[in-house]
Structure formats: structure tokens, C-alpha cells
């Protein structure tokens with residue numbers, strides 16, 4: 001059930017997983033609320049090669065396996 005004040009965001013979030021562990025989180029979302037919770041539901045998984053093909057402007061995110069969180073705007 002959606003709350004009355006719940007708003008949809010545009011964009012996506014990528015979780016880079018190596019050896020079963022999340023090593024990087026990259027968000028490409030718009031209009032963050034001043035405070036609150038953004039609830040994300042996973043709708044797809046990709047192999048690394050499929051991700052590179054389907055996200056030609058984002059595949060550079062796979063280069064480093066160093067743990068980090070990157071927040072960007074949509």
C-alpha cells in the first residue's frame with residue numbers, strides 16, 4: 001500500500017555484487033526528499049556483459065571493485 005504522500009522517483013540504483021557481496025552502490029535518482037525513506041525494489045538482474053550492453057553510459061561503474069557508495073542525480 002502506498003502512503004498518501006508517497007512520491008515516485010525517476011532513475012535507478014545499481015548494486016555491484018562480487019563473490020556474493022555488495023561492493024558498490026550507485027544511485028541515479030531524482031528529487032530526493034528533504035528527509036524520509038526511499039524504498040527500492042529490485043526488478044532485474046544482469047550478468048556483467050549484459051549490463052555493459054544494456055547500460056552503455058554506466059558500464060564504467062564496473063571497473064573498480066573497491067567498496068564505495070556513489071550518489072548521483074538522474
Taking the chain and dividing mean pair separation by its residue count, relative contact order in percent (alpha carbons under 8 Å, at least six apart): 39 percent
Per the helix-only model, the chain has a calculated mean residue ellipticity at 222 nm (DSSP H runs of ≥4, -39500 (n - 2.57) each, divided over all residues, rounded to the nearest 500) of -2500 deg cm²/dmol
Find the percent of Cα-Cα distances in the chain that exceed 18 Å, and round it to a whole number. 46 percent
Indicate, rounded to the nearest 5 percent, the antiparallel portion of the DSSP beta bridges found entirely in the chain. 55 percent
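Read-outs: derived from the displayed coordinates by stated rules, not from any lab. Remember, it's a predicted structure, so these values are computed and weren't measured experimentally.
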